[in-house]
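A quick write-up on the structure given underneath.
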Amino acid sequence: MSEAQNGEMQDPISVHNFSERLMEQTVHFHVMKLSGGFYLWVGSSPLLTNLAVSMSSRYDSMPLSTLVMGDPSDTAPNSLAQRLAKKTKRKQVFVSYSLPTTDSSLALLVENRIKKEIELHPGKF
């Protein structure tokens, strides 16, 4: 159902979950589609260790991004949020990346799996 807010119809929040075995570990993906973007949590255990947000800008071809919470030296959530905002052309993309960031091969596999899911289910993002 949609709700009227300030005279506009708002879509409800929808949830999409999927998992994949990547490099000997099960990685879980949780997507919440919002009216102006989406929230993506990636992890292997139920932890929220960081949160980044990214959005497109008319002043720059690369979306703006900032870390809302977490370790500022961990650039994985910011980078992923920026690339997903650019790929999906969404207003806002929130990303929580709760996997070890020391393995760039795993990060690449994770991002490729997300892109594959976006292609398979574009309405979920």
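The values are calculated or read from the model by the stated rules, or taken from the named source; none is laboratory data. Just so we're clear, the structure is a prediction, and the values are computed from it rather than from any experiment. Note that we place each Cβ from the backbone using ideal geometry, even for glycine, and neighbour counts take in every protein chain shown. Remember, those area values only see protein heavy atoms, side chains included, never the ligands or the DNA or RNA. Shrake-Rupley method; radii C 1.70, N 1.55, O 1.52, S 1.80 Å.
The residue pairs whose first member lies in the range 60-73 and is free of Cβ contacts under 8 Å to residues at least 60 places away in the same chain, whose second member is open to solvent by 80 Å² or more (accessible area, probe 1.4 Å) and not in a strand (DSSP E or B), and whose beta carbons are closer than 6 Å, counting only pairs six or more residues apart or on different chains, are Pro63/Lys86. Residue pairs whose Cβ atoms lie under 8 Å apart, sitting 6 or more positions apart in sequence or on different chains, and linking a residue in the range 99-125 that is over 19 Å from Lys33 (Cβ atoms) to a partner that is among the small types (Gly, Ala, Ser) and part of a helix (DSSP H, G or I), are Leu99/Ala76; Leu99/Ala107; Thr101/Ala76; Thr101/Ala107; Ala107/Ala76. So which residues in the range 45-75 are at pLDDT 95 or above and closer than 20 Å to Ile118 by Cα, if there are any at all? Matches in the range 45-75: Ala52, Val53, Ser54, Met55, Pro63.
Mind listing whichever residues of the range 95-113 are in a helix (DSSP H, G or I) and touching a helix residue (DSSP H, G or I) at 6+ places or on another chain (Cβ under 7 Å)? Can you show your working first?
In the first step, residues of the range 95-113 are kept if they are in a helix (DSSP H, G or I); the result is 104-113.
Answer for the range 95-113, where residues must be in a helix (DSSP H, G or I) and touching a helix residue (DSSP H, G or I) at 6+ places or on another chain (Cβ under 7 Å): Ala107, Glu111.
For the range 72-85, a tally of residues being within 16 Å of Trp41 (Cα to Cα) and either open to solvent by 20 Å² or more (accessible area, probe 1.4 Å) or small (Gly, Ala, Ser) (or both) returns 9. Looking at (1) in contact with a His (Cβ under 6 Å, 6 or more places away or on another chain); (2) in contact (Cβ under 8 Å) with a residue 60 or more places away in the chain; (3) not aliphatic (A, V, I, L, M), which is the only condition Asn17 fails? Of the numbered conditions (1) in contact with a His (Cβ under 6 Å, 6 or more places away or on another chain); (2) in contact (Cβ under 8 Å) with a residue 60 or more places away in the chain; (3) not aliphatic (A, V, I, L, M), the odd one out for Asn17 is (2). Of the listed requirements (1) out of contact with any strand residue (DSSP E or B) (no Cβ under 6 Å at 6 or more places or on another chain); (2) within 20 Å of Arg113 (Cβ to Cβ); (3) loosely packed, with under 12 Cβ neighbours inside 10 Å, Thr88 misses just one: (3).
Hey, does the range 51-65 have a residue that's of a type outside the set (Val, Ile, Thr) and in contact with an Asp or Glu (Cβ under 9 Å, 6 or more places away or on another chain)? First the steps, then the outcome.
At the first step, the residues of the range 51-65 found to be of a type outside the set (Val, Ile, Thr) are 51-52, 54-65.
Narrowing the set further to residues that are in contact with an Asp or Glu (Cβ under 9 Å, 6 or more places away or on another chain) leaves none.
Within the range 51-65, none of the residues are of a type outside the set (Val, Ile, Thr) and in contact with an Asp or Glu (Cβ under 9 Å, 6 or more places away or on another chain).
Taking the criterion of being more than 18 Å from Thr66 (Cβ to Cβ), open to solvent by 20 Å² or more (accessible area, probe 1.4 Å) and of a type in the set (A, V, I, L, M), the residues of the range 28-54 that qualify are Met32, Leu47. Applying the criterion of being open to solvent by 60 Å² or more (accessible area, probe 1.4 Å) and in contact with an Asp or Glu (Cβ under 9 Å, 6 or more places away or on another chain) to the residues of the range 91-115, the residue that is nearest to Ser19 (Cα to Cα) is Leu109.
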